[in-house]
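The values are calculated or read from the model by the stated rules, or taken from the named source; none is laboratory data. The shown structure was predicted, so the numbers you read here are calculated from the model rather than taken from an experiment. For neighbour counting, all protein chains shown are included, and Cβ atoms are generated from backbone atoms with ideal geometry for every residue, glycine included. What goes into the accessible areas is simple: the full protein's heavy atoms, side chains included, and nothing from ligands, DNA or RNA. Shrake-Rupley method; radii C 1.70, N 1.55, O 1.52, S 1.80 Å.
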Amino acid sequence: MEGVLAMPGLERVREKFLGLLAERRSAIALHTLAALDAHSPAETEAELLEAQNILHKIAGTAGSLGFDTLGNEARASEEAIIATLQNFSSANLLPLIEQLDVFVGMCGDLLTVKSDRTG
Amino acid sequence: MEAKMKILAVDDDPIILELLTQFMDAVGGHELVTAESGAEALEVIEQHAMAPFECFLLDIQMPGMDGVELVRAIRALKAHAHTPAIMLTAMSEKRYIDSAFAAGATDYVTKPFEVTELKTRLGLVQRLVPAAQPSTKKIFAATPQTEAAPLPTQEQEIALFEPISIPDVDNVIRHTALENYVTQLSRNSLFGSTIFAFSVRRIESFYDALSGFEFRGLLADTAEVISNTMQGHQFLMSYAGNGIFVVVTESGWRPDMEKLKDAVNLALAQTEIYDNSGERLQPRVVTGKPIRLVWKVGSSILQSLADAHSSAEEAAVRKEQDLGNIWMVREYG
(Lines give C-alpha, C1' and ligand atoms only; values in the text may rest on other atoms or scores of the structure.)
Protein backbone atom coordinates (compact mmCIF):
# COMPACT_ATOMS: atom_id res chain seq x y z
CA MET A 1 0.00 0.00 0.00
CA GLU A 2 1.31 3.43 -0.93
CA GLY A 3 1.34 6.61 1.12
CA VAL A 4 -0.26 5.09 4.19
CA LEU A 5 -2.02 7.77 6.19
CA ALA A 6 -2.33 7.53 9.93
CA MET A 7 -5.70 8.97 10.81
CA PRO A 8 -8.41 7.55 13.03
CA GLY A 9 -11.35 6.38 10.98
CA LEU A 10 -9.48 6.45 7.68
CA GLU A 11 -9.53 2.68 7.32
CA ARG A 12 -13.32 2.79 7.22
CA VAL A 13 -13.18 5.34 4.39
CA ARG A 14 -10.69 3.15 2.53
CA GLU A 15 -13.02 0.19 2.83
CA LYS A 16 -15.90 2.22 1.51
CA PHE A 17 -13.72 3.47 -1.36
CA LEU A 18 -12.80 -0.08 -2.33
CA GLY A 19 -16.44 -1.16 -2.07
CA LEU A 20 -17.40 1.65 -4.42
CA LEU A 21 -14.42 0.90 -6.65
CA ALA A 22 -15.91 -2.47 -7.55
CA GLU A 23 -19.09 -0.74 -8.73
CA ARG A 24 -17.20 2.02 -10.47
CA ARG A 25 -14.91 -0.45 -12.22
CA SER A 26 -17.92 -2.28 -13.65
CA ALA A 27 -19.52 0.98 -14.72
CA ILE A 28 -16.34 2.15 -16.49
CA ALA A 29 -16.11 -1.18 -18.30
CA LEU A 30 -19.76 -0.99 -19.40
CA HIS A 31 -19.47 2.59 -20.64
CA THR A 32 -16.22 1.81 -22.45
CA LEU A 33 -17.75 -1.16 -24.27
CA ALA A 34 -20.85 0.87 -25.08
CA ALA A 35 -18.63 3.62 -26.51
CA LEU A 36 -16.95 1.06 -28.72
CA ASP A 37 -20.28 -0.38 -29.89
CA ALA A 38 -22.02 2.97 -30.34
CA HIS A 39 -23.75 3.77 -33.61
CA SER A 40 -22.86 7.43 -33.71
CA PRO A 41 -20.13 9.78 -32.47
CA ALA A 42 -22.68 11.44 -30.19
CA GLU A 43 -23.43 8.12 -28.49
CA THR A 44 -19.73 7.39 -28.15
CA GLU A 45 -19.16 10.81 -26.63
CA ALA A 46 -22.00 10.36 -24.14
CA GLU A 47 -20.64 7.00 -22.98
CA LEU A 48 -17.09 8.33 -22.66
CA LEU A 49 -18.31 11.32 -20.64
CA GLU A 50 -19.97 8.92 -18.20
CA ALA A 51 -16.71 7.01 -17.85
CA GLN A 52 -14.82 10.28 -17.45
CA ASN A 53 -17.04 11.39 -14.57
CA ILE A 54 -16.37 8.15 -12.72
CA LEU A 55 -12.62 8.39 -13.34
CA HIS A 56 -12.75 11.97 -12.09
CA LYS A 57 -14.13 10.83 -8.75
CA ILE A 58 -11.57 8.07 -8.37
CA ALA A 59 -8.74 10.48 -9.24
CA GLY A 60 -10.01 12.96 -6.67
CA THR A 61 -9.81 10.65 -3.67
CA ALA A 62 -7.51 7.69 -4.39
CA GLY A 63 -4.34 9.67 -3.64
CA SER A 64 -5.69 10.92 -0.31
CA LEU A 65 -6.37 7.31 0.73
CA GLY A 66 -2.95 5.98 -0.16
CA PHE A 67 -3.82 4.60 -3.60
CA ASP A 68 -1.51 6.97 -5.44
CA THR A 69 -0.84 4.79 -8.50
CA LEU A 70 -4.53 4.12 -9.04
CA GLY A 71 -5.29 7.82 -8.66
CA ASN A 72 -2.60 8.84 -11.12
CA GLU A 73 -3.82 6.27 -13.65
CA ALA A 74 -7.41 7.45 -13.19
CA ARG A 75 -6.31 11.04 -13.81
CA ALA A 76 -4.31 9.97 -16.92
CA SER A 77 -7.34 8.07 -18.25
CA GLU A 78 -9.64 11.03 -17.56
CA GLU A 79 -7.29 13.34 -19.43
CA ALA A 80 -7.03 10.83 -22.28
CA ILE A 81 -10.82 10.89 -22.66
CA ILE A 82 -10.85 14.70 -22.68
CA ALA A 83 -8.10 14.75 -25.33
CA THR A 84 -9.88 12.13 -27.45
CA LEU A 85 -13.19 14.00 -27.33
CA GLN A 86 -11.49 17.23 -28.34
CA ASN A 87 -10.13 15.62 -31.49
CA PHE A 88 -12.50 12.74 -32.04
CA SER A 89 -11.97 10.08 -34.69
CA SER A 90 -12.39 6.32 -34.80
CA ALA A 91 -8.60 6.03 -35.20
CA ASN A 92 -7.84 7.60 -31.82
CA LEU A 93 -10.69 5.77 -30.08
CA LEU A 94 -8.92 2.39 -30.06
CA PRO A 95 -5.83 3.50 -28.07
CA LEU A 96 -8.19 5.11 -25.55
CA ILE A 97 -10.21 1.91 -25.20
CA GLU A 98 -6.96 0.03 -24.56
CA GLN A 99 -5.94 2.54 -21.90
CA LEU A 100 -9.31 2.23 -20.16
CA ASP A 101 -9.03 -1.54 -20.35
CA VAL A 102 -5.69 -1.33 -18.53
CA PHE A 103 -7.27 0.86 -15.87
CA VAL A 104 -10.17 -1.55 -15.39
CA GLY A 105 -7.59 -4.32 -15.02
CA MET A 106 -5.68 -2.30 -12.43
CA CYS A 107 -8.87 -1.88 -10.40
CA GLY A 108 -9.43 -5.61 -10.64
CA ASP A 109 -5.93 -6.35 -9.33
CA LEU A 110 -6.42 -4.02 -6.38
CA LEU A 111 -9.77 -5.57 -5.52
CA THR A 112 -8.30 -9.08 -5.79
CA VAL A 113 -5.56 -8.17 -3.32
CA LYS A 114 -8.19 -6.79 -0.97
CA SER A 115 -10.29 -9.92 -1.36
CA ASP A 116 -7.27 -12.16 -0.66
CA ARG A 117 -6.50 -10.21 2.51
CA THR A 118 -10.02 -10.29 3.83
CA GLY A 119 -10.89 -13.76 2.57
CA MET B 1 -6.26 28.81 20.94
CA GLU B 2 -7.67 28.74 17.43
CA ALA B 3 -11.40 29.25 16.99
CA LYS B 4 -13.41 26.39 15.55
CA MET B 5 -15.41 27.02 12.45
CA LYS B 6 -18.78 25.79 11.31
CA ILE B 7 -18.11 24.49 7.81
CA LEU B 8 -20.38 23.32 5.00
CA ALA B 9 -18.72 20.87 2.58
CA VAL B 10 -20.44 20.21 -0.75
CA ASP B 11 -19.35 17.40 -3.06
CA ASP B 12 -21.24 14.79 -5.07
CA ASP B 13 -18.68 12.13 -4.13
CA PRO B 14 -19.57 10.56 -0.74
CA ILE B 15 -15.96 9.44 -0.31
CA ILE B 16 -14.76 13.06 -0.36
CA LEU B 17 -17.35 13.99 2.26
CA GLU B 18 -16.27 11.10 4.50
CA LEU B 19 -12.62 12.02 4.00
CA LEU B 20 -13.35 15.60 4.97
CA THR B 21 -15.15 14.41 8.08
CA GLN B 22 -12.05 12.45 9.09
CA PHE B 23 -9.80 15.37 8.21
CA MET B 24 -11.84 17.77 10.34
CA ASP B 25 -11.45 15.47 13.32
CA ALA B 26 -7.72 15.31 12.66
CA VAL B 27 -7.24 19.07 12.33
CA GLY B 28 -9.07 20.00 15.46
CA GLY B 29 -12.76 19.35 15.39
CA HIS B 30 -14.33 22.02 13.27
CA GLU B 31 -18.07 21.49 13.00
CA LEU B 32 -18.72 19.95 9.59
CA VAL B 33 -22.04 19.70 7.78
CA THR B 34 -22.19 18.05 4.36
CA ALA B 35 -24.33 18.24 1.23
CA GLU B 36 -24.12 16.25 -1.99
CA SER B 37 -25.35 18.88 -4.44
CA GLY B 38 -25.59 22.61 -4.95
CA ALA B 39 -29.36 22.56 -4.53
CA GLU B 40 -29.10 20.61 -1.25
CA ALA B 41 -26.38 23.01 -0.07
CA LEU B 42 -28.63 26.04 -0.54
CA GLU B 43 -31.37 24.30 1.46
CA VAL B 44 -28.93 23.44 4.24
CA ILE B 45 -27.67 27.05 4.33
CA GLU B 46 -31.24 28.24 4.75
CA GLN B 47 -31.89 25.70 7.51
CA HIS B 48 -28.81 26.96 9.38
CA ALA B 49 -29.65 30.64 8.98
CA MET B 50 -29.82 31.18 12.75
CA ALA B 51 -26.25 29.94 13.19
CA PRO B 52 -24.67 30.58 9.79
CA PHE B 53 -21.73 28.72 8.34
CA GLU B 54 -18.33 30.36 8.69
CA CYS B 55 -16.61 28.59 5.83
CA PHE B 56 -17.56 26.66 2.69
CA LEU B 57 -15.69 23.83 0.99
CA LEU B 58 -17.17 23.46 -2.50
CA ASP B 59 -16.43 20.95 -5.22
CA ILE B 60 -16.16 22.66 -8.60
CA GLN B 61 -17.25 19.81 -10.86
CA MET B 62 -20.69 18.63 -9.81
CA PRO B 63 -23.68 17.58 -11.90
CA GLY B 64 -26.50 20.11 -12.02
CA MET B 65 -25.39 23.25 -10.25
CA ASP B 66 -21.60 23.20 -10.35
CA GLY B 67 -19.33 24.75 -7.74
CA VAL B 68 -18.88 27.99 -9.66
CA GLU B 69 -22.64 28.52 -9.87
CA LEU B 70 -22.98 27.55 -6.22
CA VAL B 71 -20.39 30.04 -4.96
CA ARG B 72 -22.12 32.73 -7.02
CA ALA B 73 -25.47 31.81 -5.42
CA ILE B 74 -23.89 31.83 -1.96
CA ARG B 75 -22.38 35.26 -2.54
CA ALA B 76 -25.83 36.54 -3.45
CA LEU B 77 -26.98 35.67 0.08
CA LYS B 78 -26.52 38.68 2.35
CA ALA B 79 -25.25 36.57 5.26
CA HIS B 80 -22.54 34.98 3.14
CA ALA B 81 -21.37 37.79 0.89
CA HIS B 82 -17.93 37.49 2.46
CA THR B 83 -17.85 34.04 4.11
CA PRO B 84 -14.63 32.27 3.08
CA ALA B 85 -15.26 29.74 0.29
CA ILE B 86 -12.56 27.22 -0.58
CA MET B 87 -13.05 25.42 -3.87
CA LEU B 88 -12.17 21.74 -4.14
CA THR B 89 -11.01 20.90 -7.61
CA ALA B 90 -9.40 17.97 -9.30
CA MET B 91 -8.89 20.06 -12.36
CA SER B 92 -5.81 22.00 -13.25
CA GLU B 93 -7.57 23.90 -16.03
CA LYS B 94 -7.13 27.52 -15.28
CA ARG B 95 -10.47 28.56 -16.73
CA TYR B 96 -12.43 26.78 -14.00
CA ILE B 97 -10.28 28.24 -11.28
CA ASP B 98 -10.50 31.73 -12.77
CA SER B 99 -14.28 31.42 -13.01
CA ALA B 100 -14.49 30.33 -9.39
CA PHE B 101 -12.44 33.29 -8.18
CA ALA B 102 -14.43 35.66 -10.37
CA ALA B 103 -17.63 34.23 -8.85
CA GLY B 104 -16.39 34.90 -5.33
CA ALA B 105 -14.14 32.02 -4.22
CA THR B 106 -11.56 32.82 -1.57
CA ASP B 107 -9.10 30.02 -2.25
CA TYR B 108 -8.87 26.53 -3.67
CA VAL B 109 -7.42 23.13 -2.87
CA THR B 110 -6.51 20.60 -5.52
CA LYS B 111 -7.77 17.04 -5.15
CA PRO B 112 -6.43 14.65 -4.07
CA PHE B 113 -5.49 16.73 -1.04
CA GLU B 114 -3.49 15.93 2.05
CA VAL B 115 -4.44 16.69 5.60
CA THR B 116 -1.52 19.09 6.04
CA GLU B 117 -2.52 21.10 2.99
CA LEU B 118 -6.14 21.29 4.03
CA LYS B 119 -5.09 22.31 7.52
CA THR B 120 -2.98 25.11 6.06
CA ARG B 121 -5.77 26.42 3.84
CA LEU B 122 -8.30 26.27 6.68
CA GLY B 123 -5.83 28.07 8.93
CA LEU B 124 -5.56 30.85 6.37
CA VAL B 125 -9.30 31.35 6.10
CA GLN B 126 -9.80 30.96 9.84
CA ARG B 127 -8.29 34.35 10.44
CA LEU B 128 -10.95 35.82 8.17
CA VAL B 129 -13.78 34.58 10.35
CA PRO B 130 -15.05 37.25 12.79
CA ALA B 131 -14.71 35.03 15.86
CA ALA B 132 -11.05 34.57 15.09
CA GLN B 133 -10.37 38.27 14.60
CA PRO B 134 -8.45 40.40 17.03
CA SER B 135 -10.52 43.25 18.42
CA THR B 136 -8.15 45.89 17.05
CA LYS B 137 -8.59 46.39 13.35
CA LYS B 138 -5.38 46.53 11.37
CA ILE B 139 -5.23 49.24 8.80
CA PHE B 140 -2.10 48.69 6.80
CA ALA B 141 -2.16 47.52 3.21
CA ALA B 142 -0.14 44.39 3.90
CA THR B 143 -2.89 43.12 6.16
CA PRO B 144 -6.07 42.10 4.38
CA GLN B 145 -9.33 43.37 5.76
CA THR B 146 -11.58 40.86 7.43
CA GLU B 147 -13.72 38.96 4.95
CA ALA B 148 -16.75 39.33 7.15
CA ALA B 149 -16.43 43.06 7.65
CA PRO B 150 -19.79 44.76 7.44
CA LEU B 151 -20.64 46.93 4.50
CA PRO B 152 -19.71 50.53 5.22
CA THR B 153 -22.13 53.15 6.27
CA GLN B 154 -21.75 56.83 5.71
CA GLU B 155 -20.33 57.22 9.22
CA GLN B 156 -17.61 54.61 8.95
CA GLU B 157 -14.16 55.85 8.15
CA ILE B 158 -11.63 53.79 6.27
CA ALA B 159 -7.88 54.07 6.28
CA LEU B 160 -5.97 55.18 3.21
CA PHE B 161 -3.92 51.99 3.20
CA GLU B 162 -6.87 49.68 3.76
CA PRO B 163 -7.42 47.09 1.00
CA ILE B 164 -11.17 47.50 1.08
CA SER B 165 -13.55 45.19 -0.69
CA ILE B 166 -15.16 46.51 -3.86
CA PRO B 167 -18.27 44.43 -4.56
CA ASP B 168 -20.29 44.06 -7.75
CA VAL B 169 -17.60 45.00 -10.24
CA ASP B 170 -16.77 42.33 -12.84
CA ASN B 171 -13.48 40.51 -12.21
CA VAL B 172 -12.74 42.51 -9.05
CA ILE B 173 -12.11 40.27 -6.06
CA ARG B 174 -10.87 40.84 -2.54
CA HIS B 175 -7.15 41.39 -2.12
CA THR B 176 -6.90 38.32 0.12
CA ALA B 177 -8.41 36.20 -2.64
CA LEU B 178 -6.01 37.63 -5.21
CA GLU B 179 -3.07 36.81 -2.96
CA ASN B 180 -4.37 33.25 -2.63
CA TYR B 181 -4.86 33.09 -6.37
CA VAL B 182 -1.32 34.07 -7.30
CA THR B 183 0.08 31.77 -4.65
CA GLN B 184 -1.83 28.90 -6.18
CA LEU B 185 -0.53 29.78 -9.63
CA SER B 186 2.93 28.81 -8.46
CA ARG B 187 1.75 25.56 -6.97
CA ASN B 188 0.09 24.44 -10.14
CA SER B 189 2.68 25.63 -12.60
CA LEU B 190 0.12 27.86 -14.25
CA PHE B 191 2.77 30.20 -15.51
CA GLY B 192 2.57 32.72 -18.28
CA SER B 193 0.51 35.26 -16.39
CA THR B 194 1.42 38.89 -15.84
CA ILE B 195 0.95 41.11 -12.80
CA PHE B 196 0.77 44.88 -12.94
CA ALA B 197 -0.91 47.66 -11.03
CA PHE B 198 -2.73 50.95 -11.52
CA SER B 199 -2.20 53.79 -9.08
CA VAL B 200 -4.81 56.51 -8.69
CA ARG B 201 -2.87 59.76 -8.81
CA ARG B 202 -3.09 62.14 -5.84
CA ILE B 203 -4.98 59.55 -3.85
CA GLU B 204 -4.03 61.31 -0.60
CA SER B 205 -5.80 64.46 -1.78
CA PHE B 206 -8.95 62.55 -2.56
CA TYR B 207 -8.68 60.75 0.76
CA ASP B 208 -8.27 63.99 2.72
CA ALA B 209 -11.09 65.77 0.90
CA LEU B 210 -13.70 63.02 0.85
CA SER B 211 -15.68 61.20 3.51
CA GLY B 212 -15.10 57.46 3.85
CA PHE B 213 -18.32 56.84 1.99
CA GLU B 214 -17.36 59.16 -0.87
CA PHE B 215 -13.83 57.75 -1.00
CA ARG B 216 -15.20 54.24 -1.30
CA GLY B 217 -17.52 55.39 -4.08
CA LEU B 218 -14.62 56.94 -5.95
CA LEU B 219 -12.66 53.69 -5.73
CA ALA B 220 -15.66 51.64 -6.87
CA ASP B 221 -16.22 53.90 -9.88
CA THR B 222 -12.53 53.82 -10.78
CA ALA B 223 -12.50 50.02 -10.44
CA GLU B 224 -15.49 49.76 -12.74
CA VAL B 225 -13.86 51.96 -15.37
CA ILE B 226 -10.63 49.93 -15.25
CA SER B 227 -12.54 46.65 -15.40
CA ASN B 228 -14.69 47.80 -18.32
CA THR B 229 -11.64 49.05 -20.20
CA MET B 230 -10.04 45.61 -19.94
CA GLN B 231 -13.17 43.68 -20.95
CA GLY B 232 -12.42 41.06 -23.57
CA HIS B 233 -9.29 39.98 -21.73
CA GLN B 234 -9.06 37.43 -18.96
CA PHE B 235 -7.96 39.04 -15.72
CA LEU B 236 -8.63 39.33 -12.02
CA MET B 237 -8.15 42.53 -10.08
CA SER B 238 -8.19 43.71 -6.48
CA TYR B 239 -7.88 46.93 -4.55
CA ALA B 240 -4.71 46.77 -2.46
CA GLY B 241 -5.07 50.04 -0.56
CA ASN B 242 -3.46 53.47 -1.06
CA GLY B 243 -5.10 53.92 -4.46
CA ILE B 244 -3.51 50.81 -5.95
CA PHE B 245 -5.41 48.32 -8.10
CA VAL B 246 -3.45 45.13 -8.74
CA VAL B 247 -4.25 43.11 -11.88
CA VAL B 248 -3.32 39.53 -12.77
CA THR B 249 -3.83 38.73 -16.44
CA GLU B 250 -4.34 35.47 -18.24
CA SER B 251 -1.48 34.03 -20.19
CA GLY B 252 -1.16 35.37 -23.70
CA TRP B 253 -2.15 38.96 -23.02
CA ARG B 254 0.77 41.31 -22.53
CA PRO B 255 -0.82 44.72 -22.32
CA ASP B 256 0.84 47.80 -23.75
CA MET B 257 0.90 49.73 -20.48
CA GLU B 258 0.96 53.20 -22.04
CA LYS B 259 -2.01 52.48 -24.27
CA LEU B 260 -3.88 50.81 -21.43
CA LYS B 261 -3.24 53.76 -19.11
CA ASP B 262 -4.44 56.20 -21.79
CA ALA B 263 -7.56 54.12 -22.47
CA VAL B 264 -8.45 54.01 -18.76
CA ASN B 265 -7.82 57.74 -18.34
CA LEU B 266 -9.93 58.52 -21.40
CA ALA B 267 -12.75 56.41 -19.96
CA LEU B 268 -12.34 58.12 -16.57
CA ALA B 269 -12.50 61.54 -18.26
CA GLN B 270 -15.76 60.49 -19.90
CA THR B 271 -17.23 59.19 -16.64
CA GLU B 272 -19.08 61.62 -14.44
CA ILE B 273 -18.07 61.03 -10.83
CA TYR B 274 -19.28 63.43 -8.15
CA ASP B 275 -18.83 63.86 -4.42
CA ASN B 276 -21.79 64.41 -2.09
CA SER B 277 -21.72 68.18 -2.62
CA GLY B 278 -22.05 67.72 -6.37
CA GLU B 279 -18.48 68.64 -7.18
CA ARG B 280 -17.05 66.60 -10.02
CA LEU B 281 -14.14 64.30 -9.19
CA GLN B 282 -11.58 63.63 -11.89
CA PRO B 283 -9.40 60.69 -10.91
CA ARG B 284 -6.57 59.68 -13.23
CA VAL B 285 -4.31 56.67 -13.08
CA VAL B 286 -0.75 55.71 -13.90
CA THR B 287 0.53 52.18 -14.44
CA GLY B 288 3.59 50.43 -13.07
CA LYS B 289 5.78 47.91 -14.82
CA PRO B 290 4.22 44.60 -15.88
CA ILE B 291 5.87 41.61 -14.22
CA ARG B 292 5.79 38.24 -15.94
CA LEU B 293 5.27 35.32 -13.59
CA VAL B 294 7.24 32.84 -15.65
CA TRP B 295 9.76 31.00 -13.49
CA LYS B 296 8.54 32.64 -10.32
CA VAL B 297 8.09 30.17 -7.51
CA GLY B 298 7.06 30.19 -3.88
CA SER B 299 7.46 33.47 -2.06
CA SER B 300 8.73 35.24 -5.17
CA ILE B 301 5.17 35.13 -6.52
CA LEU B 302 3.90 37.22 -3.64
CA GLN B 303 6.99 39.38 -3.99
CA SER B 304 5.93 40.01 -7.61
CA LEU B 305 2.60 41.24 -6.30
CA ALA B 306 4.40 43.60 -3.94
CA ASP B 307 6.77 44.71 -6.72
CA ALA B 308 3.85 45.50 -9.04
CA HIS B 309 2.27 47.48 -6.20
CA SER B 310 5.50 49.44 -5.54
CA SER B 311 6.09 50.04 -9.23
CA ALA B 312 2.68 51.68 -9.62
CA GLU B 313 3.19 53.79 -6.49
CA GLU B 314 6.55 54.97 -7.79
CA ALA B 315 5.01 55.78 -11.17
CA ALA B 316 2.42 57.97 -9.42
CA VAL B 317 5.12 59.80 -7.48
CA ARG B 318 7.20 60.31 -10.65
CA LYS B 319 4.18 61.65 -12.50
CA GLU B 320 3.54 64.29 -9.86
CA GLN B 321 7.23 65.24 -9.77
CA ASP B 322 7.26 65.59 -13.56
CA LEU B 323 4.17 67.80 -13.44
CA GLY B 324 5.82 69.89 -10.69
CA ASN B 325 8.93 70.31 -12.82
CA ILE B 326 6.83 71.52 -15.75
CA TRP B 327 5.32 74.26 -13.57
CA MET B 328 8.77 75.24 -12.30
CA VAL B 329 10.08 75.56 -15.89
CA ARG B 330 7.07 77.69 -16.87
CA GLU B 331 7.49 79.97 -13.87
CA TYR B 332 11.18 80.49 -14.57
CA GLY B 333 10.38 80.98 -18.25
Prolate/oblate/rounded label for the range B:26-100 (Cα gyration tensor, a/c 1.5): prolate
Rounded if a/c is under 1.5, else prolate if a/b is larger than b/c, else oblate: which is the range B:1-63, with a ≥ b ≥ c the root eigenvalues of its Cα gyration tensor? oblate
Under-5 Å amide H pairs with B:Ile273, H placed in peptide plane, nonlocal only: B:Leu281
Considering amide H positions built from the backbone, and no H for Pro or chain starts, which residues 5 or more places from B:Met87, or on another chain, come under 5 Å of its amide H? B:Leu58, B:Thr106, B:Asp107, B:Tyr108, B:Val109
Scalar couplings 3J(HN,Hα) for the range B:222-232 by Karplus 6.51 cos²θ - 1.76 cosθ + 1.60 (θ = phi - 60°), nearest whole Hz, x for Gly and Pro, are 5, 4, 5, 5, 4, 4, 5, 5, 9, 4, x
What whole-number distance in Å separates the alpha-carbon centres of the range A:94-108 and the range B:1-73? 34
Each label sits 7 Å from Cα toward the beta-carbon; between B:Val33 and B:Ala209 the label points are separated, in nm, by 4.9
Looking at this model, which pairs from A:Lys57/B:Lys119; B:Lys111/B:Lys289; B:Lys119/B:Lys289; A:Lys57/B:Lys78; A:Lys16/B:Lys119; B:Lys78/B:Lys111 are more than 28 angstrom apart at the alpha-carbon? B:Lys111/B:Lys289; B:Lys119/B:Lys289; A:Lys57/B:Lys78; B:Lys78/B:Lys111
Interchain or long-range residues, amide H under 5 Å from B:Leu32's placed H: B:Ile7
Interface size A-B, as summed buried accessible area [1.4 Å probe, Å², nearest 100]: 1700
Output ³J(HN,Hα) for the range A:56-71: one whole-Hz value per residue in order, computed from phi by the Karplus curve 6.51 cos²θ - 1.76 cosθ + 1.60 with θ = phi - 60°, and x for Gly and Pro. 4, 5, 4, 4, x, 10, 3, x, 5, 9, x, 9, 4, 4, 4, x
Per-residue counts of other Cβ atoms within 10 Å, averaged by peptide: what ranking do you get for A:37-47, B:18-28, A:100-110, highest first? B:18-28, A:100-110, A:37-47
If you take every residue apart from B:Pro14 with its C-beta less than 9 Å away from the C-beta of B:Pro14, what net charge results, scoring Lys and Arg +1 and Asp and Glu -1? -4
Expected vector for the range B:165-179, Karplus 3J(HN,Hα) from phi with 6.51, -1.76, 1.60 and θ = phi - 60°, integer Hz, x for Gly and Pro, equals 7, 10, x, 6, 10, 3, 6, 9, 10, 5, 5, 4, 5, 5, 4
Determine the shielding of peptide B:101-112 by partner chains: average, over its residues, the number of Cβ atoms on other chains within 10 angstrom of each Cβ. 2
So, with a 1.4 angstrom probe, what is the percent of accessible area on the range A:15-118 that is carbon and sulfur? 54
Note down the relative contact order for the range A:15-118 as a percent, whole number, built from C-alpha pairs under 8 angstrom at least six residues apart. 29
So for A:Asp68, B:Asp275, what's the accessible-area order with a 1.4 Å probe, most first? A:Asp68, B:Asp275
Looking at the square roots a ≥ b ≥ c of the eigenvalues of the Cα gyration tensor of the range B:6-130, which shape do they give, rounded for a/c under 1.5, prolate if a/b is larger than b/c, or oblate? rounded
Residue by residue through A:13-22, how many Cβ atoms from other chains fall within 10 Å of the Cβ on average? 3
